[in-house]
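Colleague: Dropping the structure in here first, questions after.
The values are calculated or read from the model by the stated rules, or taken from the named source; none is laboratory data. None of these values were measured; they are calculated from a predicted model. Cβ sites come from the backbone with ideal geometry, for glycine too, and all protein chains shown count toward neighbours.
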Amino acid sequence: MHNRCGYFYGLILWMAGLTSLPATELSEDDFLDELPVVLSATRLVQDKRDAPVATTVIDREMIDASGFTEIVDLLRYVPGFVVNYDSGHVQAASYHMLNNNLARRMQVLVDGRSVYIPSLLGVQWTSLGITIEDIERIEVIRGPNAASYGSNSLLGVISIITRHASQDRGVMAKANVGENNLAETYLRLGGGTENLDVKVTAAYRQNDGFIKRYDSAQFRQINARADYQAGFNDTLVFHANVNDGEVQEDNTFDSAIPNHPSNVVSRSFQLGWTHSFSASEDFKFQYYRQTHDKQNRYEYAGTGLYLDQSHRSERDDIEFQHTLSPLTNLSIAWGAGIRNDKVISDYYLGQQTPADTNKTYRLFGNLAWNITDSTLLNAGVMLEDYEINSTELSPMMSLNHHLTDTDTLRISASTAIRAPGIIEELTDVKIFTVPIVFDAGNLDPERTNAYEIGYIGRFPRYNTALDLKMYREYIRNLITLAAADADGNLPYHFANLDNVKTRGVEATVSFNPNRKFRIELSYSHARIQASDVRNTTQYANSSPDNSFSLQVIQHFARGYQGSLNVFYNSQMKQLATEEMRSDNTRVNLRLAKTFKLADSKAEVAVSVLNLLDEFEETRLKNVAGRRSYLSLKLEFK
Amino acid sequence: MPVLDKIRSPFRLLCLLLCFVITLTSHVYAREKNNINIAVVLSKDTPPYHAFSEQLQKTLTATQIQKVKFHTIDSDINDSISTLYVSGNAPDFIVAAGAHASKKILTSDNSIPTIFSLIPSSYYKNRIQNSPYCKRKKYCSAVYLDQPVERQFSIIKKGLPDAKHLGIILGPSSKNIKNEILRASKKYGINVILESAKTDENLIVLVDHLARSSDALLAIPDHDVYNRKTAKGILLNSYKNHIPFVAYSHSFVRAGALFSIYSTPEQIGEQTGRMLMEMLTHSKNTLPEPEFPDAYKVEINPAVLRSLRSRIHFNDSILDKQ
């Protein structure tokens, strides 16, 4: 058998001192000695049956079999998610509603670090500080859940979990080479002692973006993770990364902007400490700091005058969380945190006050109470106080009833807000003295109320699992960049203009008869009603009515593995314009073979993305075309 | 002849005869006198051993068959036993708790019936059973700490009814019970996927194989496979693959195993006490055969179960039998 799981197992045991195996006499110490808590309460994933809202997990096998090289594309497997590209290196993903080129209304976490960039009001998917190779799994909470995750979890939460350093001991080298000037190399080194595991990943990635765009990108990245076991009950984890990108910007929308290069650098540092009192009680403390710098200066409209759109964001965040189980049928997680966001930008905030900060205090509590053996109540609340805005309370409640061991019904009501960001609340954009966006006064937070009825079923006889969700979401006070008048004249301002109602149904089916064959299917039907006060249809068409994804993974004999991936979206608005893009079907194929060499393993894979070569000509000129690439991966001591 | 010369000395002859009689008849005599003296040797001065010792004493004193005196020995065995003889508290039985204590007893010079307790069965079979200490007389027995393989299969069959394929890694010392595993596999209709941890190459292949083809992993105690260094990686990866990990200690379940089947030092202490009681009550001349634990716990990690619940079928009735 040859597959990816073997790498992990093999490396772990291999590097953990089992390179030779002298028989050591077993004694009672092997039964009585303590072991460190490995799967602490905060490390465990909440079971789908007990989750307060629908969840989807994209695991490592799915990631490997996807053939994708961009992290954002993995979200195509999640029902209701829309992934779209503004350019080759500006990627966007959102749940139910994608009207903007940044995931403004999603909370995105990497190992608990919110990667939302205040100066962008969104997430830069190419600068997360990790590579696709570092990911253990992606947990997606499909629905608002501010009670647990705070502001920005207006539509949902994406939580990316990277692998523990002990899972990546040894050396991994990988190269992807293919069409569209795709060239990627990854090098990971891992090692350590009994109590300390360290790994470092370095990557270089480049591609030419879309065929008709000036949007190629080159990224150089290095990230490190260290896990230290300080005694039986304490673990420390440390992350650091630097991501340096040279990207091309083009003039697709504004002829005044020439094709020009820009530079994006992001850095982060994160320290976490977990003290486990028992298997179900721990205390977690976390601090992180991240910065994002974009240097973007160009000659404006051939005038000889240079416009500097550079900006810098800083985010410092400190949080503690106490997870405990005071009764056998009751689990509680509570905590508090402080966050300080800072944006520095002459362009966005004006030359008078080019730097602004926004401090946020938060206090949260969640409980899971098994009222009976078959009924679980989840309830939670988050209180957030914003320096530049109001104090907001976001509650959530769900009732999960296990009809049988294999059938669960869930009803839930949850809320979330998105507080206005610094560059919405304090904006002052001018191009040379001409006002472009001005501060029109205080904004209210966007708020959503969501209701869902879910069914989670397992059919062991057919090796199948089913997850259904019917929902309604009401989003109020959407902050829209509005023109001065109905004709779209300057200047713009941010205003709470729009409301959106979404209703729909989502389903996922997993068929997993054995560990060699697997099918994952997702389907979403969504109907959006939007006020679209300025009649721009930017919200009404921001989601396809129907979408589905299919992934089939088959492990064959002699180390071969094949996977088929199909994605369909019905028509929807394209990013950043009001034009519609037609429905499209994407098919990815991947064939891999694993070789076991003397002291190492190798995998060769061929991936074909967009096999059907679906042509899509839009104003964005985002024509992807069929792309193939070859991948070689080596793992050894 | 020099030896005969020595024996001819009437005093020496008398001493020799006395020793011979005391040694051979001590356990029989013991049951006829009022006081029973039990020498207890603990491997460490730590809570598990204290719990064992306390439960042992509690079990025997509760019977009130005879007055039982316990003497905990923590220095040189020979000296301590001689001291007990001199003070009129000649030990009728020795109880060794743990491997270190057992090792000390094996190097001592006495013929007192000994129960080696709180040790793995493999330790007794490899180190004690055929030792000169036990070879020369029939006064050795044991209460093991590990669970019989059949019990583990029986509990997995009931607790994880959907686990048709059970992955087991055998190390250099646990490979000896391969046949027992195969017998249990046949009896309970659970297909086992056995892999031997021999070399680097085999290790990579075996973990690969197990992750791909098993519904659950059963840890068979083997220091070279499961130890503090390796536990982290094994638990993380079994969890990553959504495979329930069944282990053999409280520590493992606390660390992240789905559940563990194990006996506590108290339970072993009680069983050791009952073994002695049996001897005292029925005046047997030999100790019974070594025993696996009668009593055991199935301890679950509720957080791991909650997390895996939708992927596995877990029957919590296995928790009833404690």
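Colleague: Which one is surrounded by the most Cβ atoms within 10 Å (Cβ to Cβ) among residues in the range A:212-248 that are modelled with pLDDT under 95, touching a Lys or Arg at 6+ places or on another chain (Cβ under 8 Å) and farther than 27 Å from A:Gly272 by Cα?
Modeller: Going through the qualifying residues, I end up with A:Arg213.
Rundown of residues vs (1) surrounded by fewer than 16 Cβ atoms within 10 Å (Cβ to Cβ); (2) modelled with pLDDT of 95 or more; (3) of a type in the set (A, V, I, L, M, F, W, C), yes/no style:
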| site | (1), (2), (3) |
| --- | --- |
| A:Phe438 | no, no, yes |
| A:Tyr451 | yes, yes, no |
| A:Asp485 | yes, no, no |
| A:Leu490 | yes, no, yes |
| A:Phe494 | no, no, yes |
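Colleague: Any idea how many residues of the range B:277-305 are more than 25 Å from B:Asp146 (Cβ to Cβ) and at pLDDT below 85? Working first, answer last.
Modeller: Here is the first cut: in the range B:277-305, the residues more than 25 Å from B:Asp146 (Cβ to Cβ) are B:280-285, B:303.
With the extra rule that they be at pLDDT below 85, the set shrinks to B:280-285.
Qualifying residue count, the range B:277-305: 6.
Colleague: Quick test of your reading of the structure: A:Ile211 fulfils all but one of (1) under 17 Å from A:Gln124 (Cβ atoms); (2) touching a residue at least 60 places away in the same chain (Cβ under 8 Å). Name the failing condition by number.
Modeller: A:Ile211 satisfies every listed condition except (1).
Colleague: From the residues in the range A:572-627 that are within 14 Å of chain B (Cβ to nearest Cβ) and not charged (D, E, K, R), which one is nearest to A:Ser547 (Cα to Cα)?
Modeller: Looking only at the range A:572-627, we keep the residues that are within 14 Å of chain B (Cβ to nearest Cβ), and these are A:594-603.
Cutting the leftovers down to not charged (D, E, K, R) gives us A:594-595, A:597-598, A:600, A:602.
Values: A:Thr594: 33, A:Phe595: 37, A:Leu597: 42, A:Ala598: 46, A:Ser600: 41, A:Ala602: 36 Å.
For the range A:572-627, the residue satisfying everything is A:Thr594.
Colleague: Here's a follow-up. What do you reckon, is A:Ser310 within 14 Å of another protein chain (Cβ to nearest Cβ) and either among the polar types (S, T, N, Q) or touching a residue at least 60 places away in the same chain (Cβ under 8 Å) (or both)?
Modeller: Numbers: within 14 Å of another protein chain (Cβ to nearest Cβ): no; either among the polar types (S, T, N, Q) or touching a residue at least 60 places away in the same chain (Cβ under 8 Å) (or both): yes.
Against the criterion (within 14 Å of another protein chain (Cβ to nearest Cβ) and either among the polar types (S, T, N, Q) or touching a residue at least 60 places away in the same chain (Cβ under 8 Å) (or both)), A:Ser310 does not qualify.
Colleague: Being under 25 Å from A:Glu25 (Cβ atoms), surrounded by fewer than 17 Cβ atoms within 10 Å (Cβ to Cβ) and touching a helix residue (DSSP H, G or I) at 6+ places or on another chain (Cβ under 9 Å), is that true of even one residue in the range B:82-96?
Modeller: Within the range B:82-96, none of the residues are under 25 Å from A:Glu25 (Cβ atoms), surrounded by fewer than 17 Cβ atoms within 10 Å (Cβ to Cβ) and touching a helix residue (DSSP H, G or I) at 6+ places or on another chain (Cβ under 9 Å).
Colleague: Given (1) over 30 Å from A:Thr375 (Cβ atoms); (2) assigned to a strand (DSSP E or B); (3) among the hydroxyl-bearing types (Ser, Thr, Tyr), where does A:Tyr347 come up short, assuming only one miss?
Modeller: With respect to (1) over 30 Å from A:Thr375 (Cβ atoms); (2) assigned to a strand (DSSP E or B); (3) among the hydroxyl-bearing types (Ser, Thr, Tyr), A:Tyr347 is out only on (2).
Colleague: Select the strands (runs of 3 or more DSSP E) contained entirely in the range B:50-162, then report the ones holding at least 2 residues which are assigned by TED's automatic domain parsing to the domain that holds B:Asn37 and either at pLDDT below 90 or among the charged types (D, E, K, R) (or both). Walk me through it before giving the result.
Modeller: Details: elements: B:67-73, B:93-97, B:114-119, B:140-144.
In the range B:50-162, B:67-73 are the strands (runs of 3 or more DSSP E) which contain 2 or more residues that are assigned by TED's automatic domain parsing to the domain that holds B:Asn37 and either at pLDDT below 90 or among the charged types (D, E, K, R) (or both).
Colleague: Which of the residues spanning the range A:182-199 are out of contact with any strand residue (DSSP E or B) (no Cβ under 6 Å at 6 or more places or on another chain) and not acidic (Asp, Glu)?
Modeller: Let us first name the residues in the range A:182-199 that are out of contact with any strand residue (DSSP E or B) (no Cβ under 6 Å at 6 or more places or on another chain), namely A:191, A:193-194.
Within the range A:182-199, A:Gly191, A:Thr193 meet the criteria.
Colleague: Among what's in the range A:290-329 and is surrounded by 15 or more Cβ atoms within 10 Å (Cβ to Cβ) and among the aromatic types (Phe, Trp, Tyr), pick the residue that is nearest to A:Gln124 (Cα to Cα).
Modeller: That would be A:Tyr298.
Colleague: Which helices (runs of 4 or more DSSP H) does the range B:220-322 wholly contain that include 1 or more residues that are within 12 Å of chain A (Cβ to nearest Cβ) and more than 19 Å from the chain's Cα centre (by Cα)? Give the derivation first.
Modeller: On the way: elements: B:228-240, B:250-255, B:265-282, B:302-308.
Qualifying helices (runs of 4 or more DSSP H): B:228-240, B:250-255, B:302-308.
Colleague: Of all the residues that make up the range A:56-81, how many are assigned to a strand (DSSP E or B) and either surrounded by 24 or more Cβ atoms within 10 Å (Cβ to Cβ) or without any contact (Cβ under 8 Å) to a residue 60 or more places away in the chain (or both)? Before the answer, list the steps.
Modeller: Taking the range A:56-81 as the starting set, the residues that turn out to be assigned to a strand (DSSP E or B) are A:56-59, A:81.
So of that shortlist, the ones also either surrounded by 24 or more Cβ atoms within 10 Å (Cβ to Cβ) or without any contact (Cβ under 8 Å) to a residue 60 or more places away in the chain (or both) come out as A:81.
The qualifying residues number 1.
Colleague: A:Trp369 fails exactly one of the following numbered conditions: (1) outside any strand (DSSP E or B); (2) more than 27 Å from the chain's Cα centre (by Cα). What is the number of that condition?
Modeller: Failing condition for A:Trp369: (1).
Colleague: Another question, then. Of all the residues that make up the range A:254-284, how many are among the small types (Gly, Ala, Ser), surrounded by 20 or more Cβ atoms within 10 Å (Cβ to Cβ), at pLDDT 90 or above and over 19 Å from A:Val115 (Cβ atoms)? Show your work before the answer.
Modeller: Residues of the range A:254-284 that are among the small types (Gly, Ala, Ser), as a first pass: A:255-256, A:262, A:266, A:268, A:272, A:276, A:278-280.
Right, trim to surrounded by 20 or more Cβ atoms within 10 Å (Cβ to Cβ) and you get A:266, A:268, A:272, A:276, A:279-280.
Filter again for at pLDDT 90 or above, leaving A:266, A:268, A:272.
Narrowing the set further to residues that are over 19 Å from A:Val115 (Cβ atoms) leaves none.
The qualifying residues number 0.
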